[in-house]
Amino acid sequence: MPKSNQNAKPARRRRRSTAQSMATKQRSISVSEFFAKNRHLLGFDNPRKALLTTVKEAVDNSLDACEEGGILPEIWIHIELVKNDRFRVAVQDNGPGIMKKQIPLIFGKLLYGSKFHRLRMSRGQQGIGISAAGMYGMLTTGQPVKIVSKIPRKDFHYYEVQIDTKTNNPEILNGRGDGVDITAKNREKEFAKYKIDWVSYYDAVEEEDPVEVVSGTRVTIELEGKNQRGRGSVDDYLEQTAIANPHVTLHYHSPDGEPRTYPRSSTELPVEPKEIKPHPYGVELGRLVTMLNEVKNGTISQFLTQSFSRVGPAVARRICEAANVSTRSSTKKIGRSQVESLYDAIQVTKIKNPKTDCISPIGEELLIKGLHQVVPGEFYTAATRPPAVYRGNPFQIEVALTYGAGTTAQKVSLELLERLLKESDARTIRQFLVNTFDGLGNGAAEKIIKEAEIGSRQSPTKLAATQLEELHLAMRNVNVSEGQSMQVLRYANRVPLQFKQRDCAITQAVMAANWRPYGLSQSRGSLPSGPVTLMVHMASVWVPFTSESKEAIAAYPEIEKELRLGLQAVGRKLKMYMGRRKKAKQQGDRRSVFLRYLKEVAAAVREINGADEEALYEKLLNVAERITSAADIRMDDRGKIIDAEDYGDNVLIVEQDVEQLLASDDEEGQASLFE
């Protein structure tokens, strides 16, 4: 038998924490410290997205500053590859500039800004974006944010700033903690000393001297990132920004050294939105209690009329009567039960919707103009819905649609395709095609792969030279319109939303809509198919994003309703165009058959009775055109003759190139001559 271990010492019990020991470990957490550990919440969850988010936050701030200052925005974006996976991003604007004391706080402190506490439409809302980008740059490269700003007729202010994440306060690293002032006389020398690439002049107009940039701000952030073209790239973001902001000129210098300019198509600034007070319907009980506690003195009637929009003395009296509270009651003496009665009374009292001059929609005309400048197509239409309200917040939905736009896959050069394949992290060719090119679905990708005779599971980075050429040829020649899925461009307060597409109320509304009656094919629970680009814009004093990274819009019932009505408005106009197009094509097909044999008929008649062949051909041609005259007439979906203006306002139809169609050998190309 084994010897018992009677003399063994009992195991020591681990000492547990006590309330006193746990209390010594408690400490407050700064907002910077929290987001440094949870940067994915702000859109910095991978290097590619981090590069885009940095550019996006800087450009959004620049656009807001220029518009508030009444200046037509001109923005320069310069991205430079420092070394592997490290980029230097510089964004400069021609805005009014920033006061010296405000520069460190704006770029070196999270949750600091001028937009959070006011109710008016703006791109930024939380005071996090650009300072979070600087914090990400500091964490990944150790480099501070470099800011140069100039106010008209003042010196340049230059700061190197980084965030102290433990205190959420800025640390100024240059000028002995006070930054550096650069005078106009010494700027060339000082700029060279601090390696500042300030754009001093606008591009010169023909036969005119270049105009000096007299004010603005330039921010430079060095960060770990990844530059990859295609969907969700910086190029894609800037292109979409140009659509929703036709009044801006963007100058982009890519890491590849390729300069590109997106010129403005309008010289009119958007109407400046006005700040409003909160609407009673949008205030919750806890917020109402806080607002009452913040009031120093006064009566309940004065509090209601001075703190809320759309509440006059008569409305305030009705609220107080419903709550059984005197209008002359002091705000300091009102109890918690009376506050709850006031809150309940507000919900049942009829109050007008808030004013809508706090939002500034793009407008139907500019929507079409912006789309036409960037997205090629043959039919454009737009619809702006009347303002509506959710939770007391005014908002407005705008929808624009383009039909006939080909996919970007058909416009790619062989050199660019080779570069995209090298940059791609996709595992298969099918995945590369679908993820890189907007509007290219699985069906269209399969057509291209089949035409190129490449295996669908072939790795993009291992294509031989001959396979690359075959793939490029297939991308240009294969008709992918049937397998092409609708491209949806989502915007909130003129800012493109490029990620979390499926989580967004806009995408969900597009997928839930029935597009088949409008002439598009659609599988249940998916986007419709066809060469269509759809743009949806939500303008609001407070956009209900699903997260701090501002990538998707929450699905409130009021928002879903307005989205549905906006989609139906452009869908009806698309239906009219598709109906006329279909009927005209049918008659065009008949005419193409006539044209094919008229010469032979005229020659045969000449041989029979010696008639003048040319004269007979002209007469036969006139008869064929008269019989198939429907090919030249605009019709609605019921087959009734309509004029161009019968489409309604805000429709643009781009005529096809006749010379190009004449050169076409196929029947469809010839038939379209008569559409």
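Points worth noting:
- Fraction of accessible area attributable to carbon and sulfur, region 230-336 (%, probe 1.4 Å): 46
- Cα→Cβ-extended label distance, 7 Å offset, between Lys37 and Lys101, nm: 3.5
- The Glu294 and Asp197 beta-carbon pair, evaluated with R₀ = 56 Å, returns a calculated FRET efficiency of approximately 0.75.
- Placed amide H near Ala492: partners under 5 Å, 5+ positions off or other chain: Leu497, Met538
- Applying 1/(1 + (r/R0)^6) with R0 = 51 Å to the Cβ-Cβ distance of Arg287 and Glu206 gives a FRET efficiency near 0.35.
- Quarter of the Cα convex hull surface for region 88-215, i.e. its orientation-mean projected area (nm²): 9.9
- Applying 0.36 nm per residue to the separation of Ser326 and Ser456 and subtracting their alpha-carbon distance, the gain on full extension is 39.2 nm.
- In region 190-262, trypsin sites (Lys or Arg not before Pro) in a DSSP loop with at most 11 other beta-carbon atoms within 10 Å: Lys195
- Overall form of region 154-259 per C-alpha gyration tensor (a/c, 1.5; a/b vs b/c): oblate
- With R₀ fixed at 60 Å, the C-beta to C-beta distance from Asn442 to Ser17 puts the FRET efficiency at about 0.60.
- Carbon and sulfur %, accessible surface of region 138-191 computed with the full protein complex present, 1.4 Å: 43
- Applying the criteria of a DSSP loop state and at most 15 other Cβ atoms within 10 Å to the trypsin sites (Lys or Arg not before Pro) of region 315-416 yields Arg328, Lys332, Lys333, Lys350, Lys352, Lys355, Arg391.
- Tensor-based shape of region 7-68 (alpha-carbon gyration tensor, a/c under 1.5 rounded, otherwise prolate or oblate): oblate
- In the full protein context, region 176-283 carries 53 Å² of accessible surface per residue, based on a 1.4 Å probe and ignoring ligands, DNA and RNA.
- From most to least packed by mean Cβ count within 10 Å, the peptides 175-182, 204-211 give 175-182, 204-211.
- Anisotropy class assigned to region 187-230 is oblate, per the alpha carbon gyration tensor with a/c at or over the 1.5 cut-off and a/b no larger than b/c.
- Across region 89-99, coupling constants 3J(HN,Hα) worked out from phi with the 6.51/-1.76/1.60 Karplus curve, θ = phi - 60°, read 9, 10, 10, 10, 10, 10, x, x, x, 10, 4 Hz, and Gly and Pro carry x.
- On full extension, the segment bounded by Asn46 and Ala314 gains 91.0 nm, given 0.36 nm per residue less the C-alpha separation.
- For region 66-76, backbone phi angles converted through the Karplus equation (6.51, -1.76, 1.60; θ = phi - 60°) give residue-by-residue couplings of 5, 5, 5, x, x, 10, 5, x, 10, 10, 10 Hz, Gly and Pro being listed as x.
- Annotation: extensible slack from Ser521 through Arg153 equals 126.5 nm (criterion: 0.36 nm per residue apart, minus Cα-Cα distance).
- Note that region 286-428 presents 48 Å² accessible area per residue, ligands and nucleic acids not counted, probe 1.4 Å.
The values are calculated or read from the model by the stated rules, or taken from the named source; none is laboratory data. In this text the structure is predicted, and so the values were computed from the model without any measurement. Cβ atoms come from the backbone with ideal geometry, glycine included; neighbour counts cover every protein chain shown. Calculation scope for accessible area: heavy atoms of the full protein, side chains included, ligands and nucleic acids excluded. Shrake-Rupley method; radii C 1.70, N 1.55, O 1.52, S 1.80 Å.
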